[in-house]
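These notes are about the structure you will find just below.
The values are calculated or read from the model by the stated rules, or taken from the named source; none is laboratory data. Predicted model, so just to flag it, every value in this text is computed and none were measured. So basically every Cβ, Gly included, is an ideal-geometry build from the backbone, and we count neighbours across all protein chains shown. What goes into the accessible areas is simple: the full protein's heavy atoms, side chains included, and nothing from ligands, DNA or RNA. Shrake-Rupley method; radii C 1.70, N 1.55, O 1.52, S 1.80 Å.
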Amino acid sequence: MSEVRPHSISIPQNGKDRKILSPFFRRFRGSRAAGLLGMLAVLLLFVFPVIKLILLSFQSDSGLTLAHYRELMHQERFWTTLRNTGTVVAGSTSLSLLLGTVFAWVVAYTDIGRKRMLHLAILLCFILPSYVLTLSWSSFIGPQGWAAKLLQWVNPELAPWSMYSMGGIIFVMGIHHFPLVYMFTLEVFRKIPRDLEWAARAGGSGAFRTFCRITLPLALPGLTAGGLLVFLASLDNFGIPAFLGTPVNISVLSTLIYEEIIGFGPSAFARGACLSVLLGAAAVLGSLIQWMLLRKNHASDTVQPDFVPRYTLGRFGKAVSAALWIFLLLITVVPLSSMITMSLKRAYGLGLTASNITFDNYRYVLFENPQVWMAIRNSLVLSLVTMLVCLVAGSLFAYLRVRKPSGLNKAVEIAASVPYTLPGIVFALSMILVWMEPIPGWNPGIYGTMSILFIAYICRFLILQIRSGVTAFMQIDSSIEEAARVSGAGIRRRWTAILLPLVFPGLLTGGILVFLTALTELTVSALLYASGSQTIGVTIFSFEQAGDTLYSTALSSLIVALIGAGGAVLLLIHKWTSRQGGPIT
């Protein structure tokens, strides 16, 4: 009996052997070609823009140089901007840490009522686009806002605090980002062993001393990770300093890069590239520190969260609950209501009376101004196409990442996360540099069209769909697929009959997140748009810069309505998934 060697490769000796083996080799060559094309696409779309940005910051007519950095160092404006950036980032991060820690501790440790609704109300601050929240607060605190009217009713000499100041930027940025600290810290608080706290209390420590010596040190990794995320988000933020700082000449790094590029002065792109490299380096360093902290936290992933309240509020319960709800309403719903009422006024400066209320501003932005309608159409098309491309490409890659983990897949995922890790203004500048002339001497004509916005949106938001897809596929045991395969189901049958029905809610949640994020995007669009490719965020920004506050508030109110509709869809998906017993999205 001849011995069979399963791993041996026979060399084709005749036409029949070649006929049998040729499909294998064709498939092998096809998969290698597809992998090579994929790697080239990843390098071109995600890695090459960053390399080109860094090179530009060191380039001059005479070769590589540090002249652009030396020029920056000699500018007083650069150091003022750096100080402003440090002050804004440090102040907003401190405020976010304080608010996030307080809310996370109350929700995790106490028996306060309606925790689910409280959780959603806390997240509302972060769900709203930063420029919408900024407009809400400038409407609320401004000379025509509710706060000003209330103070003048108390005492005509009183005037509200100006939001167009460093304090205003820090405050709005802090309340916009504090849900990030809350989300990171909530689970950490729930995983702290209550035995340690009981031992401290039994040893004579009071509640405050136990919190300082036991709870806080154990929660420090979560707090630090959340604080670093707020630090990165504050560095990235363009809308808040652009709306509140630019009118009073307060610049931070993101707005200074924008001003350099749109200024089109001599060596504007080189100076913008230098600033972008500095800003990007700070963001990457912060991301690395956060990643290292999260890796350390993985050791506690095996600990089950403790949902049982550890403190009973008793007779203080209603007072604490009322204080938290009043605070949340005061920082979100009240300013939003003030913005909506502003958008209903016939003219800026008029009182809110029945004769002054009109829908003319909405009619103008929706039907009478073709530029606004074009911006709405552009944003909807951009968001829809970005969602569909990310839904297909991101989900397929997420499947490969989960089912066939490898170093190559991990490298591709890291590369895909680069555009989202970098500050938006830095990524937008790198896209300009690449697509103006991808190959020396060849201009494809993409810059200044909708195409560059499509590419930029897909590259920046693809990672959101990948992460949602990875989470969804990880909840499906591979044995289900294997059983279907053994039963004779092909790839198409396995996807349509087994995988998609189980993971579709999770994939769709990621798709809707991509859609809403793209719909309200401002930072990347502000640098990449041209005539005919304005988006909703850019149009609101333009209205505000031109002093058309009534139109900017009307368009922002429509954005809030769209976000509310998207949030309702997500809640329905979550409820439907829970009833079906599928993966929790």
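Computed values, structure above
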{"item": "Per residue, in Å², the accessible surface of region 37-121 once ligands and nucleic acids are set aside, probe 1.4 Å", "result": "54 Å²"}
{"item": "Pairwise centroid distance, computed over Cα atoms, of region 370-422 with region 474-507, Å", "result": "23 Å"}
{"item": "Of all accessible heavy-atom area on the chain, the percent that carbon and sulfur account for (1.4 Å)", "result": "67 percent"}
{"item": "Assigned charges on the beta-carbon of Lys, Arg, Asp, Glu; region 312-397 dipole about Cα centre (debye)", "result": "280 debye"}
{"item": "Listed peptides 529-536, 464-471 by packing density, highest first (mean Cβ within 10 Å)", "result": "464-471, 529-536"}
{"item": "Range of Cα positions in the chain per principal axis (Å), largest first", "result": "106, 71, 51"}
{"item": "Whether region 41-181 is rounded, prolate or oblate, judged on the alpha carbon gyration tensor where a/c under 1.5 counts as rounded", "result": "oblate"}
{"item": "Modelled FRET efficiency - R0 25 Å, Ala530 with Leu571, Cβ distances, 0.05 increments", "result": "0.10"}
{"item": "Region 522-579 - accessible surface per residue (Å², probe 1.4 Å)", "result": "39 Å²"}
{"item": "3J(HN,Hα) from dihedral phi, region 426-435, Karplus parametrisation 6.51/-1.76/1.60, rounded to Hz, x for glycine, proline", "result": "5, 5, 4, 5, 5, 5, 4, 5, 6, 8"}
{"item": "Computed lengthening from Tyr348 to Arg310, 0.36 nm per intervening residue step minus Cα-Cα distance", "result": "8.6 nm"}
{"item": "Spin-label model distance (nm) - Leu366 vs Lys149, 7 Å beyond Cα toward Cβ", "result": "2.4 nm"}
{"item": "Cα→Cβ-extended label distance, 7 Å offset, between Val284 and Lys318, nm", "result": "5.8 nm"}
{"item": "Rounded to whole Hz, the Karplus (6.51, -1.76, 1.60) HN-Hα couplings of region 211-216, x for glycine and proline", "result": "5, 6, 9, 10, 5, 4"}
{"item": "For the chain, size of Cβ-based charge dipole, Lys and Arg +1, Asp and Glu -1, in debye", "result": "2040 debye"}
{"item": "Residue-count net charge about Leu324 - beta-carbon cut-off 15 Å; Lys, Arg +1, Asp, Glu -1", "result": "+3"}
{"item": "Calculated FRET efficiency for the pair Arg70/Lys410, C-beta based, R₀ 60 Å, to 0.05", "result": "0.95"}
{"item": "For region 309-442, accessible area per residue (1.4 Å probe, heavy atoms of protein chains only), Å²", "result": "50 Å²"}
{"item": "Listed residues Gly351, Thr496, Pro179: farthest to the positive end of the dipole of the chain (Cβ charges)", "result": "Thr496"}
{"item": "5 angstrom amide H check on Ser60, placed H, neighbours 5+ away", "result": "Thr65"}
{"item": "All-pairs Cα distance distribution in region 398-495, expressed in whole percent, bin size 5 Å", "result": "2, 11, 16, 16, 14, 12, 10, 7, 6, 4, 1, 0"}
{"item": "Computed E for Leu400/Val486 - FRET, C-beta separation, R0 25 angstrom, nearest 0.05", "result": "0.70"}
{"item": "Ranked packing of 191-203, 151-163, 120-132, most packed first, by mean Cβ within 10 Å", "result": "120-132, 191-203, 151-163"}
{"item": "Options Ala375, Ile563, Ala398, ranked by Cα towards positive dipole end of the chain, top entry (Cβ charges)", "result": "Ala398"}
{"item": "Computed [θ] at 222 nm, deg cm²/dmol, the chain (DSSP H ≥ 4; -39,500 (n - 2.57); rounded to nearest 500)", "result": "-23500 deg cm²/dmol"}
